[in-house]
Amino acid sequence: MTTTTATTSYWNPFADVAALATSGRVTIVRGEGSTVWDDAGTAYLDAIASLWYCNVGHGRAEIADAAAEQIRTLAAYQTFERYTTPATEALSAKVASLTHLPDAKVFFTSGGSESIDTAAKLVRAYWRAVGHPDKEIVLSREHAYHGMNAYGTSLAGIPSNLDVFHPLVPTVERVAWDDAATLRAAIDRLGPDRVGAFFCEPVIGAGGVIAPPEGYLQEIQAICREADVLFIADEVVSGFGRLGDWFASERYGIDPDMITAAKGLTSGYAPLGAVIVGPRVCEPFWSGTGAIFRHGYTYSGHTASCAIGLANLEIIEREGLRDRVRALEPVLERVLRPLEAHPLVSEVRAGVGLLGAVELDAGARAADPGLLNRVVAGARERGVLTRGIRGVALQVSPPFVVTEAELEQVAAAFAGALDAAAAG
Ligand code: PLP
């Protein structure tokens, strides 16, 4: 493995860029399937599908061809007001058809953070359009991650991601991640006439891969319905097959008013996000009341990104990758579970599609704040790329094309890295 220590102009997100001058960067140059290579030719198993997104795997020539063909014809044309393009139309129809929300409409963005801020603004516009402008408070959960734009940062439940950004959007409140009663209490305390929406990742992702307690999602949906609060499922990670269904909402039998998505929509072959909007929120805007959602991005409905999205979804369908995720779910659990016996591990979380986490013992982390990073580096030295999430756990979210042998390789590299860390 080589790292680039030369000076750079690139400012890495979430990085101590000064420290990188000595610790070095890893330059990834190529990918195929679940494997990526660095600039020295070292291969790594990509246990996190880059950043939870490369669901169809790296190096898909078919997607490159679709992109090239679209770019040669028309790279992009803006879609504000009356303009549209065939790829934009086709992908929105496709995405709408994949959700179980009846007659859904799709508002495209450039990624997950924009999807969240779009949904939050749509909440405001919706309640204003239907005559309840005071329903402006939005709720989210502790441990939540909803991206990095203004609303998303404010909605987040990971304190280290918001501490230096105060004051945040003031009309945001958080409830417990696992207790529906706290949602009901918050709505009662704030007043149902002031609460507009509840944002919720069906499975918490960056907060640590935490599945919902049994019945929790149904309960919060019922509370939202009863209090007339919009229910928004943030499926930026879970959308497009990561849990084995097109959407986690389908797996858990919930009917959100909106679904936010990104990542798996294109498997990251181009940046693209979406807000999938159910009939209730569409109604005032689509029924001729004159209400206009004055919102959009330069790249909303970007033509080439949409062509890439279509090619990506076609691969997921044609290759039966959702079935593959379902088949691999117990395999991932089987290979990770033994790590729970390791003295540095407090919990292994799996059993929710191709998502998993290995949480390190709190005492060990407190005694050695560099522990998680060392285990991540140790896994990399053993040929597996992972990352720390919420400072507590190792992330596992491989491409859907990962093999059983590769999943075993992930667990073996984690075990080796944990042993090395335990040995000091
Ligand atoms: N929502 C969730 C649940 C996410 O996991 C993420 C990113 O990881 C986002 C929103 C933000 O997406 P993006 O990084 O594409 O802006």
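The values are calculated or read from the model by the stated rules, or taken from the named source; none is laboratory data. The structure displayed is predicted, hence computed values, not measured ones. Backbone-built Cβ (ideal geometry, glycine too); neighbour counts: all protein chains shown. For accessibility, only protein heavy atoms count, side chains too; no ligands or nucleic acids. Shrake-Rupley method; radii C 1.70, N 1.55, O 1.52, S 1.80 Å.
Of the helices (runs of 4 or more DSSP H) entirely within region 199-306, none holds at least 3 residues that are within 13 Å of the ligand (Cβ to nearest atom) and open to solvent by 10 Å² or more (accessible area, probe 1.4 Å).
Is it the case, given these coordinates, that VAL376 is β-branched (Val, Ile, Thr), within 29 Å of ARG324 (Cα to Cα) and in contact with a helix residue (DSSP H, G or I) (Cβ under 7 Å, 6 or more places away or on another chain)?
No, not satisfied.
Take the conditions (1) open to solvent by 50 Å² or more (accessible area, probe 1.4 Å); (2) over 23 Å from HIS58 (Cβ atoms); (3) part of a helix (DSSP H, G or I); (4) in contact with a helix residue (DSSP H, G or I) (Cβ under 8 Å, 6 or more places away or on another chain); GLU347 misses just one of them, which is (3). With respect to the conditions (1) more than 11 Å from the ligand (Cβ to nearest atom); (2) closer than 23 Å to CYS282 by Cβ, SER160 lacks only one, and its number is (2).
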